[in-house]
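The values are calculated or read from the model by the stated rules, or taken from the named source; none is laboratory data. All of these numbers come straight from a predicted model, not from anything done at the bench. With ideal geometry, Cβ positions are generated from the backbone for all residues, glycine too; neighbour counts draw on all protein chains shown.
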Amino acid sequence: MEAYRDQYAKLFNSGRNVVVLAVSVDPDTALASWARDLQTPVLFASDVGQNVGRRYGSIRGGVDSRNLFVIDPAGRIAKSMTPFNELAQTSYEQLEAAVKKTLPTN
């Protein structure tokens, strides 16, 4: 999440026409504490029942995998990065390109 925070302006258009939602199986209290400690503009959602994870195919062996989805304004998955390799710079380059494709052209 530090990479998302540190590259927020570049990756996510400084939040203009972009919403970043991190979904985790951690309880909401832990996520709130984490977001506060990281001082991140990213929103967090708790999925302790793994309902979102099952719906998007993120559950592998009973564990939520680190996947990333870029959803376009119509609600369709524009880019699926499963799993998302947070250690590879190319992952962030692909993410930035996918987000840019979904932004309105003005």
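Just checking, how many residues over the range 49-62 are among the aliphatic types (A, V, I, L, M) and touching a helix residue (DSSP H, G or I) at 6+ places or on another chain (Cβ under 9 Å)?
Residues that pass the stated criteria total 1.
Could you tell me which numbered condition residue 25 fails, if it satisfies all but one of (1) touching a Leu at 6+ places or on another chain (Cβ under 9 Å); (2) within 24 Å of residue 63 (Cα to Cα); (3) aliphatic (A, V, I, L, M)?
(1)
Test of understanding: among 67, 85, which residue is among the polar types (S, T, N, Q) and touching a helix residue (DSSP H, G or I) at 6+ places or on another chain (Cβ under 7 Å)?
Result of the check over 67, 85: 85.
Within the range 6-42, track down each residue that is assigned to a helix (DSSP H, G or I) and polar (S, T, N, Q).
Scanning the range 6-42 gives 13, 14, 29, 33.
If you take the residues of the range 78-98 that are in contact with a strand residue (DSSP E or B) (Cβ under 6 Å, 6 or more places away or on another chain), closer than 15 Å to residue 20 by Cβ and of a type outside the set (Phe, Trp, Tyr), which of them is modelled with the lowest pLDDT?
It comes out as 81.
Inside the range 33-77, can you point out the residues that are under 20 Å from residue 102 (Cβ atoms), among the small types (Gly, Ala, Ser) and over 13 Å from the mean Cα position of the chain (by Cα)?
74, 75
Residue 4 - would you say it is surrounded by 14 or more Cβ atoms within 10 Å (Cβ to Cβ), of a type outside the set (S, T, N, Q) and at pLDDT below 90?
yes
Return only the number of the condition from (1) closer than 26 Å to residue 104 by Cα; (2) at pLDDT 90 or above that residue 27 does not satisfy.
(1)
Please determine whether any residue of the range 46-56 is modelled with pLDDT of 90 or more, of a type outside the set (Lys, Arg) and in a strand (DSSP E or B).
Within the range 46-56, one or more residues are modelled with pLDDT of 90 or more, of a type outside the set (Lys, Arg) and in a strand (DSSP E or B).
Of everything in the range 52-77, what is among the basic types (Lys, Arg) and either touching a residue at least 12 places away in the same chain (Cβ under 8 Å) or closer than 23 Å to residue 16 by Cα (or both)? Give them in sequence order.
66, 76
Among the listed residues 84, 69, which satisfies the condition of being assigned to a loop (DSSP other than H, G, I, E, B) and surrounded by 14 or more Cβ atoms within 10 Å (Cβ to Cβ)?
When all the criteria are applied, what remains is 84.
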